[in-house]
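The values are calculated or read from the model by the stated rules, or taken from the named source; none is laboratory data. From a predicted model like this one, the values you see are computed outputs, not experimental measurements. Glycine gets a Cβ as well: all are built from the backbone with ideal geometry, and neighbour counts include every protein chain shown. Surface accessibility is based on the protein's heavy atoms, side chains included, excluding ligands, DNA and RNA. Shrake-Rupley method; radii C 1.70, N 1.55, O 1.52, S 1.80 Å.
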Amino acid sequence: MGGFATPDLAVAVSVAGGLGMLSGTIGAEALSAQLDAVPADVPVGVNFLVPFLDRQALEDAATRSPLVEFFWGEPDPAMIATVHEGGARAGWQVGSADEARAARDAGCDLIVAQGIEAGGHIRGSLGLLPLLDEVRASVALPLVAAGGIGTGRAMAAALAAGADAVRVGTRFVAASESTAHPVYVEALIRSGADDTVLTTAFGEGWPNAPHRVLRSALTAGEALGAAQSWSPEWPSLASSGVIEAYALYAGQSVGAVRSRQAAAEIVHELVAEAEQALQSSGAQG
Ligand SMILES: Cc1cc2nc3c(=O)[nH]c(=O)nc-3n(C[C@H](O)[C@H](O)[C@H](O)COP(=O)(O)O)c2cc1C
């Protein structure tokens, strides 16, 4: 989750039984400091946005993290080889079955299938369920479902549809450990599934890359006119200016954000709800 993925948040997710992720896109030096803050016995993955890849950060992540994952680029066998040489497993977040096959052929160990319900940048054009169907039918690797999963019920549905695990983004933006600006968190809490929009508006420096944000961010940016920057930057505690007009990334899972909660509480709630949903659907079936 880009700069939201601080060690505090990632470690809290992993300690609760998930797999927290850091962002390698922050650069080698900053990533190294973040990895120093992760206890040796807590597994935490590192995600790289391919257009902004830092080779040194990639090599460090490959030796210091159990999972290195990529997003937004042609699956590249040389990058996967670097990950494997360092001793980590390699993953690729994809938006289509073609891209999943390319990731498998490049040597990936797991695939993250991202539906267009997701918050943040969106790679493909399919909803999560049809995408899972297509990827599951063509690639026999461990499969993680991402996009619009904010409740245990949605998590159970993704698992029943062929995923081995789920990825959750938006809910953790509102975690107590997140450095998201309070105005952003409040906007997430107020919003429902139909309050997001897929746009290319916040494309300064990363053009033609569709992303899902709260519709209110687009409206606030348009109201600012020439004063709006349209940077893809999200608002952190350190941000200033009109917070409402920053890129307020949010998935269609946003309706499940109802309060600021500890990351562990979010993980436990999702798992308990999913177990209950799977049991009751099993009982009915
Ligand atoms: C604030 C935010 C930042 C994100 N940054 C990244 C990123 O740096 N790299 C990446 O692979 N995915 C990123 N994503 C997308 C997530 O990997 C995932 O696909 C998405 O959060 C799933 O949908 P959900 O938000 O409805 O849970 C981001 C998502 C959000 C909400």
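Structure above, values below:
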read-out: Residue-count net charge about A247 - beta-carbon cut-off 14 Å; Lys, Arg +1, Asp, Glu -1; value: -2
read-out: Cβ-placed point charges (K, R +1; D, E -1), dipole of the chain about Cα centre in debye, nearest 20; value: 480
read-out: FRET E, pair A223, E275, Förster distance 41 Å, beta-carbon r, rounded to 0.05; value: 0.35
read-out: Max mean-square fluctuation residue, GNM over the chain, Cα-Cα springs under 10 Å, options A180, A100, A37; value: A37
read-out: Counted charge near A88, where neighbours are those whose Cβ lies closer than 13 Å (Asp, Glu -1; Lys, Arg +1); value: -3
read-out: Beta bridges by DSSP in the chain, antiparallel share as percent, to the nearest 5; value: 25
read-out: C-alpha center-to-center spacing [the stretch 20-89, the stretch 229-285] in angstrom; value: 24
read-out: Reciprocal of mean inverse Cα separation for the stretch 1-101 (Kirkwood radius, Å); value: 13.4
read-out: Max mean-square fluctuation residue, GNM over the chain, Cα-Cα springs under 10 Å, options P51, P182, P66; value: P51
read-out: Per residue accessible area of the chain, 1.4 Å probe, in Å²; value: 42
read-out: Residue among M1, S216, P77 farthest towards the positive dipole end of the chain, charges placed on Cβ; value: S216
read-out: The chain, relative contact order in percent, only Cα pairs under 8 angstrom and at least six apart counted; value: 16
read-out: Binned Cα-Cα distance frequencies in the stretch 2-174 - 10 Å width, integer %; value: 11, 41, 38, 10, 0
read-out: Cubic angstrom per residue, convex hull over Cα atoms of the stretch 82-127; value: 72
read-out: Apportionment of accessible area to carbon and sulfur, the stretch 180-285, percent (1.4 Å); value: 53
read-out: Relative contact order %, the stretch 180-285, counting alpha carbon pairs below 8 Å whose residues are six or more apart; value: 32
read-out: Neighbourhood net charge (13 Å Cβ-Cβ; Lys/Arg +1, Asp/Glu -1) for I26; value: -4
